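The values are calculated or read from the model by the stated rules, or taken from the named source; none is laboratory data. Source: prediction; values computed, not measured. All Cβ positions, glycine included, derive from the backbone under ideal geometry; neighbour counts span all protein chains shown. The accessibility values were calculated without ligands, DNA or RNA, using every heavy atom of the protein model including side chains. Shrake-Rupley method; radii C 1.70, N 1.55, O 1.52, S 1.80 Å.
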Amino acid sequence: FYDTLEDGYKVVFAHEFFHLMQTNVLLAVGQPANRWHSTFIEAQATFASSLQYPELELAPKSAYMRAANRFLANRLNTSYNELLKDSDHPYDATLYWRFLYDQYQDMEILRFALKEMAQEYGPDLVSAISGVMDRVFVRFDGPYHDFDESLIAFARAKYALRLENGRCADRGLAQCNGVYFDPGNRYVRPRLEAKRHYDGGPLTINGAIPASYGMDFVEIGLNAVTPEQPLVIRFQAEEPTSQFSIQVWRLAPGGKAPRAITLEPEIIRETLDGAQVYLIPRVDTTAHDQLALIIARLDPNEVKGPDGNYIITVTPSH
């Protein structure tokens, strides 16, 4: 997958050397067991080689880019436990660690995560990872205070790859504002769960995120909306065990892809009846002609609530 044998050796060496660093951290903690192999050990080492040799690993056919794009194309709703069992593709969770590094610009966050992982004895990754990462974010100063916040931002950065202005070409990561560094447009556009057009009457969209920490992306066209018409978007989970974050981004036409008209989407807040409701007092189709809904499942209850069903309704407000 590399142009020369030397390039391949460089990437392999960086990957395997990082495994030595990981082992050193685990030995220092006193728990050298190689736990959560795919989601922590291999995924972190795959990211590390992309940091050491970005000119090689941000190329289309590199090990890092193939794993990252496989995740974007096929893994948005794959259980973390399933990732652990997939011996053919043990590197696909690398995208999350690349995202965290891009936001924190410090490899220490990976070291903290390894230390906390080593001290977590729960056998189930899905129920344990939230607590592990919550402890990491408490110990490490940065933009996120807990795992939920990081997942919400992770979902936003992934959806942004669908946008004309959703990638960063500036090597100064502090200027990337929560999106991926991707000057060569190497990341694939993540798939949509649904794309619908609102025609003025009630619109209902049924969806499901069966895996904890999974994500759906929904786009709604507004071309048929009467100018200045108010709209209400209502999101309702069908299972009390499922908890979701919903972000809404207003989009305008771009050159080859839509453009976000604000730096970040808005987060829909929960109402007293458990629904999440978003009101647009007046739709201005001259400023935006599309809405993106970024949906992330935040609970660890995929066994208790394996369906993760939800309903989205879009109605005119009176």
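Indicate, rounded to the nearest 5 percent, the antiparallel portion of the DSSP beta bridges found entirely in segment 169-309.
85
What is the sum of charges, Lys and Arg at +1 and Asp and Glu at -1, for the other residues whose Cβ falls under 12 Å from the Cβ of Trp249?
With Lys, Arg at +1 and Asp, Glu at -1, the net is +1.
Quick query: amide H of Gly254 versus all other amide H atoms, modeled in the peptide plane; which residues come in under 5 Å with a sequence gap of 5 or more or a different chain?
Under 5 Å from the amide H of Gly254: Arg259.
So how do 211-219, 68-76, 161-169, 276-284 stack up, highest first, on mean other-Cβ count within 10 Å?
Highest-to-lowest ranking by the protection proxy: 211-219, 68-76, 161-169, 276-284.
At a temperature of 37 °C and a viscosity of 0.692 mPa s, determine how fast segment 102-241 diffuses translationally according to Stokes-Einstein, using the Kirkwood radius over alpha-carbon pairs as Rh; express D in µm²/s, rounded to the nearest whole number.
181
Counting Lys +1, Arg +1, Asp -1, Glu -1, what net charge surrounds Tyr2 among other residues with beta carbon under 13 Å of its beta carbon?
Net of charged neighbours comes to -2.
Show me, for segment 84-91, the HN-Hα J-couplings you get by feeding each phi into the Karplus relation (A = 6.51, B = -1.76, C = 1.60, θ = phi - 60°), rounded to Hz, glycine and proline as x.
5, 7, 7, 6, 6, 9, x, 10
Can you list the residues, at least 5 places off or on another chain, whose amide H is less than 5 Å from the amide H of Cys168, using H built in the peptide plane?
Under 5 Å from the amide H of Cys168: Tyr180, Phe181, Asp182.
Would you kindly work out the equivalent ellipsoid of segment 1-106 from its C-alpha gyration tensor and give its semi-axes, the square roots of five times the eigenvalues, largest first in whole Å?
Semi-axes from the Cα gyration tensor: 21, 19, 13 Å.
If I compute solvent accessible area with a 1.4 Å probe over the protein chains, what percent of it on the chain is carbon and sulfur?
Looking at the chain in its full context, I get 51 percent from C and S.
Filter the chain for me: DSSP H helices, axial length by Cα at least 27 angstrom, mean Kyte-Doolittle hydropathy not below 0.5. List them by residue number.
5-29
For the chain, give the share of DSSP beta bridges that are antiparallel, in percent and rounded to the nearest 5; count only bridges with both residues there.
Restricted to the chain, the bridges split so that about 85 percent are antiparallel.
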